[in-house]
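The values are calculated or read from the model by the stated rules, or taken from the named source; none is laboratory data. Just so it is clear, the model here is predicted, and its values are computed rather than measured. Note: ideal-geometry Cβ built from the backbone for every residue, glycine included; neighbour counts use all protein chains shown. With ligands, DNA and RNA removed, areas are computed over all heavy atoms of the protein, side chains included. Shrake-Rupley method; radii C 1.70, N 1.55, O 1.52, S 1.80 Å.
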Protein chains: 2
Amino acid sequence: MDERVAALTVMEGVPEQVEALCETVKFSHPRPDGQDRYTISEVVAWTGLTAHTLRWYERIGLMPHVDRSHTGQRRYGNRDLDWLGFVGKLRLTGMPVADMVRYAELVREGEHTFDERRRLLQDHRDNVRVRINELRDTLAVLDFKIDFYVDARRASEERLVR
Amino acid sequence: MDERVAALTVMEGVPEQVEALCETVKFSHPRPDGQDRYTISEVVAWTGLTAHTLRWYERIGLMPHVDRSHTGQRRYGNRDLDWLGFVGKLRLTGMPVADMVRYAELVREGEHTFDERRRLLQDHRDNVRVRINELRDTLAVLDFKIDFYVDARRASEERLVR
DNA sequence: TAGAGACTTGGAGCGCACTCCAGGCAAGCG
DNA sequence: CGCTTGCCTGGAGTGCGCTCCAAGTCTCTA
């Protein structure tokens, strides 16, 4: 049996864990490990986002409620870093924040939203594919123009030599 | 001798024509042909931009001065459509408007800006390449997650059948 | 020639994704 | 103890790329 599906069928009623399991993506930078309770500035260093943005993400519902210290300061866990890593990918690929918030809501609502989550991601994937093709097309145009300028330079240098 | 370079060395002092020559990109939609003097609404239909945006492009110096009818209405030529096609590509690939304006300025200034134009386009090309890779990375993550949800669906359906 | 619809302008407004500010609390150090 | 540094909040501000408005002029069709 597929390991992921096995995990799914076992973990009824613990949707965040399912999502976390689905979050096994590797990251380029090693995370500040140990406590599993990172301050906001550690998360800033790790994600490249500003503290303002991290707090704003929380306000608009893009973060699944971050833990607090006894004095009310934020303490992010590895799960939060995973989530931020995924959000970062969606952001880099131009998904509107509203859509990311929608996805976050679906995750919070539990397993009965699997279908809608899948659809949301599939739509975005189609989007990304289209944009990759657009970028590739433009790359060809850019190559053509750059070659033109390079050739022009070479020609004028030849004229100097002669 | 390379045809483009030959054209270049012949057309000293007519930089827009050089640029136009460099603008031999094909477009997906046939342009409204005939007069070579299109109204703004024809250009709207052809480019997909709004009339507002077209006028705004002109105000900020992104268009190389559009011709006018005897009463002052805009009449775009094929050269303008070529330029808008190229600008559209840069826009799709996320070049900031300020950079496009800079490029437009360089074109207006003549052939002695070839080197800077090339550099500008090369920088953008690098940029586009990086973004293509980012998109591809995210595509892998999306595929993984979508598969997860698809598998979950299949598993729950199997449970129903049994 | 009349009326509808397209085009003109400068400047104001909008949506997005942050970004910053003011004013205050809490922890660690000499 | 005082000082510095880090973090907290709600709300205001910013930059980008458009987008729209008001009020007037032009063009086209009947």
If A:ALA104 satisfies every condition in (1) over 26 Å from B:GLY94 (Cβ atoms); (2) in contact with a Pro (Cβ under 8 Å, 6 or more places away or on another chain) but one, which is the exception?
(1)
How do the helices (runs of 4 or more DSSP H) wholly within region B:43-162 filter down when requiring 3 or more residues that are more than 10 Å from DNA strand D (Cβ to nearest atom): which remain?
B:78-92, B:97-109, B:114-161
Quick check on A:GLU19: is it open to solvent by less than 40 Å² (accessible area, probe 1.4 Å) and modelled with pLDDT under 65?
yes
Can you tell me which residues in region B:55-74 are over 17 Å from B:GLU105 (Cα atoms), of a type outside the set (Gly, Ala, Ser) and open to solvent by less than 50 Å² (accessible area, probe 1.4 Å)?
B:ARG74
Residues of region B:89-117 satisfying the condition of being small (Gly, Ala, Ser) and within 12 Å of chain A (Cβ to nearest Cβ):
B:GLY94
Where a residue in region A:55-73 is near DNA strand C (Cβ under 8 Å from one of its atoms) and its partner, wherever it lies, is not in a loop (DSSP other than H, G, I, E, B), with Cβ under 7 Å and at least six apart:
A:SER69/A:ARG75
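Would you check which residues across region B:30-49 are within 19 Å of B:GLY72 (Cα to Cα), modelled with pLDDT of 65 or more and open to solvent by 60 Å² or more (accessible area, probe 1.4 Å) and list them?
Applying the first criterion (within 19 Å of B:GLY72 (Cα to Cα)) to region B:30-49 yields B:35-44.
Cutting the leftovers down to modelled with pLDDT of 65 or more gives us B:36-44.
B:ASP36, B:ARG37, B:SER41, B:GLU42, listed by residue number.
Here's the yes/no breakdown for (1) within 30 Å of A:VAL150 (Cα to Cα); (2) among the basic types (Lys, Arg); (3) in contact with a helix residue (DSSP H, G or I) (Cβ under 7 Å, 6 or more places away or on another chain); (4) at pLDDT below 95:
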| position | (1), (2), (3), (4) |
| --- | --- |
| B:ASP123 | yes, no, no, no |
| B:VAL128 | yes, no, yes, no |
| B:ASP147 | no, no, no, no |
| B:ALA152 | no, no, yes, yes |
| B:ARG162 | no, yes, no, yes |
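When you scan region B:146-162, how many residues do you find that are within 10 Å of another protein chain (Cβ to nearest Cβ) and open to solvent by 40 Å² or more (accessible area, probe 1.4 Å)?
Residues of region B:146-162 that are within 10 Å of another protein chain (Cβ to nearest Cβ), as a first pass: B:146-156, B:158-159.
Of the ones still in play, those that are also open to solvent by 40 Å² or more (accessible area, probe 1.4 Å) are B:147, B:150, B:153-154, B:156, B:158-159.
Number satisfying all stated conditions: 7.
Listed residues A:ASP143, A:ASP137, A:ASP123; which is free of Cβ contacts under 8 Å to residues at least 40 places away in the same chain, open to solvent by less than 80 Å² (accessible area, probe 1.4 Å) and of a type outside the set (Val, Ile, Thr)?
Numbers: A:ASP137 fails: open to solvent by less than 80 Å² (accessible area, probe 1.4 Å); A:ASP123 fails: open to solvent by less than 80 Å² (accessible area, probe 1.4 Å).
Step by step, each of A:ASP143, A:ASP137, A:ASP123 is checked, and only A:ASP143 is free of Cβ contacts under 8 Å to residues at least 40 places away in the same chain, open to solvent by less than 80 Å² (accessible area, probe 1.4 Å) and of a type outside the set (Val, Ile, Thr).
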